[in-house]
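A.B. asks: For reference, the structure I am asking about is given below.
The values are calculated or read from the model by the stated rules, or taken from the named source; none is laboratory data. Just so you know, these numbers come straight off a predicted model, no measurement behind them. Neighbour counts run over all protein chains shown; Cβ positions are idealised from the backbone, glycine included.
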Amino acid sequence: MQADGTGKVVTNDENPMNHVTVPLEGIQVTALDFFNIPSPHMTPEHMLRLYKKIKTSSKDFDGVVITHGTDTLEETAYFLDTMEIPDIPVVLTGAMRSSNELGSDGVYNYLSALRVAADQKAHGKGVLVVMNDEVHAAKYVTKTHTTNVSTFQTPTHGPLGLIMKQEVLYFKTAEPRVRFDLDKITGFVPIIPAYAGMKTELLDMLDYSQLNGLIIEAFGAGNLPQEVAKKLTFFIKQGIPVALVSRCFNGIAEPVYAYAGGGVQLHESGVYFVKELNAPKARLKLLIALNAGLSGQELKEYIEG
């Protein structure tokens, strides 16, 4: 991306990182322009194509760096992290300032990502996000600021590692997880946020016959107005999986409160509690699980795991 004379940011004809000299000893870069689209245009289908490309090309490389727009970077990173990625480091990075803007961070983040992808210690840590001298796990990282260069943070857990002048320091290990090898990804799984005074109007507008699943962004630890809770029970009885996340920036969704619409009642009615993901990632998790053929208890254990 680059800013024009009026300050409007537009897409480059090609990735500016293609012309960056890599002053890193022992690293040889092969560049490939796979997509050249703004990140809000990314879809799960794009993510699946990217995964397939990484999988088929991995034998020729020791690591992969993906430059990506920051708006949906965390979703692409999470999607890839749930796939059967080859055992090489896969790192996503981006820039918060345009390539011709004062203080542009793109080249620095790109070189940092190359360092991580070439680091033997990055093996086995899952898909990583590298921005602003920090290494984050794809599962937990999220964009927290519209313009700040330190926008990518990991709520609750903190970063996986730090990029220092002479080495990359890791102080956490990645956790084991279930991985899939999908051939396609389809389905309609919308996200509905909760708000004070919420009724069922938004849910009433959904044609349940067209729904494959539903994500609810609930209050606090996982609570909703009682009318909304009743409506979710209707969807569940129609065989539609409903998964709940907290709208809070930090913390974990869990069934605690036993009042009408509280988490205990929701969980007992069959709502899945997604413990540590935000709504966009929970949507991808449910979509991936459904396309992998999970159902019943197997689906519940995966979504709540």
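A.B. asks: Condition first: modelled with pLDDT of 95 or more, more than 24 Å from Lys52 (Cα to Cα), among the hydrophobic types (A, V, I, L, M, F, W, C) and assigned to a loop (DSSP other than H, G, I, E, B). Can you find one or more residues in the range 141-161 that meet it?
C.D. replies: Yes: the range 141-161 contains one or more residues that are modelled with pLDDT of 95 or more, more than 24 Å from Lys52 (Cα to Cα), among the hydrophobic types (A, V, I, L, M, F, W, C) and assigned to a loop (DSSP other than H, G, I, E, B).
A.B. asks: Can I ask one more? Being of a type in the set (S, T, N, Q), at pLDDT 95 or above and not assigned by TED's automatic domain parsing to the domain that holds Leu48 is the requirement here; does Ser295 meet it? Break it down stepwise before answering.
C.D. replies: Numbers: of a type in the set (S, T, N, Q): yes; at pLDDT 95 or above: yes; not assigned by TED's automatic domain parsing to the domain that holds Leu48: yes.
Judged against the criteria, Ser295 is a match.
A.B. asks: Output the number of residues of the range 155-193 satisfying the condition of being touching a Phe, Trp or Tyr at 6+ places or on another chain (Cβ under 9 Å) and not assigned by TED's automatic domain parsing to the domain that holds Leu114.
C.D. replies: Adding up the residues that qualify gives 4.
A.B. asks: Taking the range 126-138 as the region of interest, how many residues are in a loop (DSSP other than H, G, I, E, B) and crowded, with 22+ Cβ neighbours inside 10 Å? It would help to see each step written out before you state the result.
C.D. replies: Within the range 126-138, the first condition is being in a loop (DSSP other than H, G, I, E, B), and the residues that meet it are 126-127, 132-133, 138.
Going one step further and asking which of them are crowded, with 22+ Cβ neighbours inside 10 Å, we end up with 126-127, 138.
Going through the range 126-138 one residue at a time, the tally reaches 3.
A.B. asks: Then there's this: When residues of the range 30-52 are filtered for being closer than 21 Å to His123 by Cα and touching a Leu at 6+ places or on another chain (Cβ under 8 Å), how many remain?
C.D. replies: 2
A.B. asks: As an exercise: evaluate Glu74 against (1) within 16 Å of Thr142 (Cα to Cα); (2) out of contact with any strand residue (DSSP E or B) (no Cβ under 6 Å at 6 or more places or on another chain) and give the number of the one condition it does not meet.
C.D. replies: Status for Glu74: all satisfied but (2).
A.B. asks: I've got another one for you. Suppose we filter Thr142, Thr151, Thr146 for residues that are without any contact (Cβ under 8 Å) to a residue 40 or more places away in the chain, in the same structural domain as Ala77 (by TED's automatic domain parsing) and within 18 Å of Pro40 (Cα to Cα); which single one remains? Working first, answer last.
C.D. replies: Details: Thr142 fails: without any contact (Cβ under 8 Å) to a residue 40 or more places away in the chain; Thr151 fails: without any contact (Cβ under 8 Å) to a residue 40 or more places away in the chain.
The unique qualifying residue is Thr146.
A.B. asks: Please note which helices (runs of 4 or more DSSP H) are completely contained in the range 187-305 and include at least 3 residues that are touching a Ser or Thr at 6+ places or on another chain (Cβ under 8 Å) and over 27 Å from Pro159 (Cβ atoms). Steps first, please.
C.D. replies: On the way: elements: 201-204, 226-237, 263-268, 279-291, 296-304.
Correct list: 226-237.
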